[in-house]
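Quick one: structure below, then a few questions.
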Amino acid sequence: MGQSSGDQRRIIVALDYADVETAEGLVARLDPSLCRLKVGNELFTRAGPAFIERLHARHFDVFLDLKYHDIPNTVAAACQAAADLGVWMVNVHALGGRRMLEAARTALDAHEHPPLLVAVTVLTSLESRDLGEIGFDTRPDRLASRLAVLAHDSGCDGVVCSAREAGAMRRAHGAEFRLVTPGIRPVGGRPDDQRRTLTPEEAVSAGADYLVMGRPITGASDPLNALQDTLGEVNSVSGM
Ligand code: C5P
């Protein structure tokens, strides 16, 4: 497993909120020594870099989940801007191709404190039929494996993938390749709109480094307690 030993912050809480006040209310109830935070397109578009700075002031590491996908020069500049913000992890679409991925890598390598660079392979919302419509005559899992090879070869630190793919990704790309997995539900948890969920224990056993979790924590009556319970499940596997 690529996750550095001694750091138990393997859960990334997804701040999927439309407004800053609700997001900050949740953040105030979490502990930066126990988790990291993910900020995506909706909240970032509303709240911007100032919100990221407030999370940093509270000592949280931030995964800036904006999935950059553009020409190499533009993506490199966006990655540079994310690094200037001091985020811990940033992501790009592997479908942007090798030159785009390498430009992102080069831009981050030039930075004093580069964030981890991870690639999205195939959005889980896309089925074979959708891929056919946009010109890919293949199955989503096959395309995801192929794009993970490209991401690895292009110098990405890891990929976002289903925990169900984590074992194969780990075998293919080695211990240092970071595997970031959403679609996690604690034992007995509600699936919400996720279809093929895994428990934290199953995900970590399969080789996941970081577990992205939203509603099981953000929707809990006591989010810190829900986080601690989940950490208990995670640590029972990793022996921490
Ligand atoms: O609430 P929940 O735990 O389902 O949230 C999962 C988070 O991970 C959301 O921010 C969602 O957008 C993200 N995600 C996902 N599946 C993917 C990629 C990202 O659920 N394949």
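What whole-number volume per residue, in cubic angstrom, does the convex hull of the C-alpha atoms of the stretch 37-119 give?
Per residue, the Cα convex hull of the stretch 37-119 comes to 77 Å³.
Counting only residues 5 or more places away or on other chains, whose amide H sits under 5 Å from the amide H of Arg178 once H atoms are built in the peptide plane?
For Arg178, whose amide H was placed from the backbone, the distant partners under 5 Å are Gly158, Val159.
What FRET efficiency, computed as 1/(1 + (r/R0)^6) with R0 = 25 Å and r the Cβ-Cβ distance, is obtained for Phe44 and Leu126, rounded to the nearest 0.05?
E(calc), rounded to 0.05, equals 0.65.
Calculate the dipole size of the chain relative to its Cα centre from +1 charges on Lys and Arg beta carbons and -1 charges on Asp and Glu beta carbons; express the result in debye to the nearest 20.
About 460 debye.
Calculate the dipole size of the stretch 30-171 relative to its Cα centre from +1 charges on Lys and Arg beta carbons and -1 charges on Asp and Glu beta carbons; express the result in debye to the nearest 20.
The dipole of the stretch 30-171 has a size of about 280 debye.
For the stretch 125-196, what class follows from the C-alpha gyration tensor (a ≥ b ≥ c being the square roots of its eigenvalues): rounded when a/c is under 1.5, otherwise prolate if a/b is larger than b/c, else oblate?
Since a/c reaches 1.5 but b/c is at least a/b, the shape of the stretch 125-196 is classed as oblate.
Determine, for each peptide in 27-36, 7-16, 177-186, the mean count of other beta carbons within 10 angstrom over its residues, then list the peptides with the highest first.
Sorting 27-36, 7-16, 177-186 by mean packing, highest first, produces 177-186, 7-16, 27-36.
First measure r as the distance between the Cβ atoms of Asp19 and Arg58, then evaluate 1/(1 + (r/R0)^6) with R0 = 22 Å and state the FRET efficiency to the nearest 0.05.
0.80
With a point put 7 Å past each Cα toward its Cβ, work out how far Ala110 is from Asp31 in nm, to one decimal.
Rounded to a tenth, the inter-label distance reads 4.2 nm.
State in Å² the accessible area per residue of the stretch 11-238; use a 1.4 Å probe, count heavy atoms of protein chains only, and round to the nearest integer.
Result: 46 Å² of accessible area for each residue.
So what is the relative contact order of the chain, in percent, for Cα pairs below 8 Å that sit 6 or more residues apart?
Contact order relative to length: 20 percent.
Let me ask another. Could you put Ile217, Ile134 in order of accessible surface area, largest first, with the 1.4 Å probe and the full protein assembly present?
The most accessible residue leads, giving Ile134, Ile217.
Still on this structure, I have one more. In whole percent, how big is the carbon plus sulfur part of the accessible area of the chain, probe 1.4 Å, protein atoms only?
Here it works out to 48 percent.
Need one word for the stretch 11-238: rounded, prolate or oblate. Basis is the Cα gyration tensor (sqrt eigenvalues a ≥ b ≥ c); a/c below 1.5 gives rounded, then a/b vs b/c decides.
Oblate, because a/c is 1.5 or more while a/b does not exceed b/c.
Moving on to the next point. State the dimensionless ratio Rg/Rh of the stretch 118-240 (Rg: radius of gyration of Cα atoms; Rh: Kirkwood radius).
Result: Rg/Rh = 1.00.
The values are calculated or read from the model by the stated rules, or taken from the named source; none is laboratory data. Just so you know, these numbers come straight off a predicted model, no measurement behind them. Every residue, glycine as well, gets a Cβ built from its backbone with ideal geometry; the counts of neighbours run over all protein chains shown. What goes into the accessible areas is simple: the full protein's heavy atoms, side chains included, and nothing from ligands, DNA or RNA. Shrake-Rupley method; radii C 1.70, N 1.55, O 1.52, S 1.80 Å.
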